[in-house]
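Taken together, the values in this text are just the output of simple stated rules run on the coordinates, not laboratory data. Since this is a predicted model, take the numbers as computed values, not measurements. All Cβ positions, even for glycine, are placed from backbone atoms using ideal geometry, and neighbour counts span all protein chains on display.
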Amino acid sequence: MQKEIKLVFYNQGLRSYIEVDLCRECPRQDDKGCCGFYSPVFYSSDFAYLLKSEPGLIDKILQLNNLTILDASVTINNRIDGESYRCYFHSKDGGCLLTQHLRESVCRHFVCPGIAWEQEEKLYPWKQFFAQLSDYEIELNNRIASRLQEKGLTLRDKSKRSQFFEELLAIFEQETRILPDFFNKQPAREEVVITRQIMYGQDWPL
Ligand code: SF4
Ligand code: SF4
């Protein structure tokens with residue numbers, strides 16, 4: 001069956017994201033779609049945003065018992081659910097419990113290969129934008145992590161977490177004072193409709 005799918009691309013700097021109307025009726029038909037396989041990982045640039053806009057969420061995350069905590073990242077591990085898994089933040093009724101801005105990068109950028117929007121020539125500028133954004137974010141997170149490490153700060157040390165986050169925010173502000181040029185090259189928002197052949201259940205590729 002052919003179906004029109006609406007994608008909305010948002011250029012909001014480090015909090016950019018892609019919205020897909022098909023997710024509301026995901027062809028996987030298992031009430032979790034791609035969120036049944038992923039465990040979100042929060043890095044320094046996510047923490048910087050949360051510290052400024054929703055610090056309580058960091059406290060909530062760090063109290064969970066299904067975490068993998070490294071020096072400068074936290075993974076919220078998914079749990080077994082039926083024949084696959086379910087992300088901790090996924091609810092059967094409403095999908096992701098986090099608003100787009102609060103999600104980590106993969107969750108904000110990921111669109112399943114069944115939709116394959118990158119193949120549309122008119123969307124190449126967005127493909128380039130999200131590729132550059134992803135590279136920039138990796139470099140930024142690495143730079144922040146190594147500066148925190150130089151100061152002897154790690155998330156693994158519970159006793160120094162408040163100092164860790166204080167320093168993280170200060171370093172983030174310094175490192176992002178000048179943003180790369182590609183942020184200015186795409187509009188703030190663009191809505192696009194594409195048509196795709198829809199397959200259901202496990203035939204829909206993830
Ligand atoms: S698998 Fe595709 S359609 Fe389903 S929720 Fe994920 S991105 Fe949306
Ligand atoms: S955080 Fe939200 S978008 Fe990301 S995998 Fe979990 S439910 Fe899906």
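Below are the figures for this structure:
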| quantity | calculated |
| --- | --- |
| Where a label projected 7 Å from the Cα of residue 185 along Cα→Cβ would reach, residues of the range 108-128 with amide N under 11 Å | 125-128 |
| Alpha-carbon radius of gyration plus Dmax, which is the widest Cα pair, for the chain in Å | 18.2, 57 |
| Computed [θ] at 222 nm, deg cm²/dmol, the chain (DSSP H ≥ 4; -39,500 (n - 2.57); rounded to nearest 500) | -10000 deg cm²/dmol |
| Chain lengthening between residue 66 and residue 203 when straightened (0.36 nm per residue, less Cα-Cα) | 46.3 nm |
| For the range 107-206, alpha-carbon Rg over 2.2 N^0.38 Å | 1.51 |
| Above-threshold pairs, the threshold being 27 Å between Cα atoms, out of 92/160; 52/122; 32/158; 92/122; 60/160; 60/185 | 92/160; 52/122; 32/158; 92/122; 60/185 |
| Relative contact order [Cα under 8 Å, 6+ residues apart], the range 122-206, whole percent | 30 percent |
| Over the range 2-203, relative contact order from alpha-carbon pairs under 8 Å, at least 6 apart, % | 36 percent |
| Size of electric dipole in the chain: Cβ of Lys, Arg +1 and of Asp, Glu -1, about Cα centre, debye, nearest 20 | 340 debye |
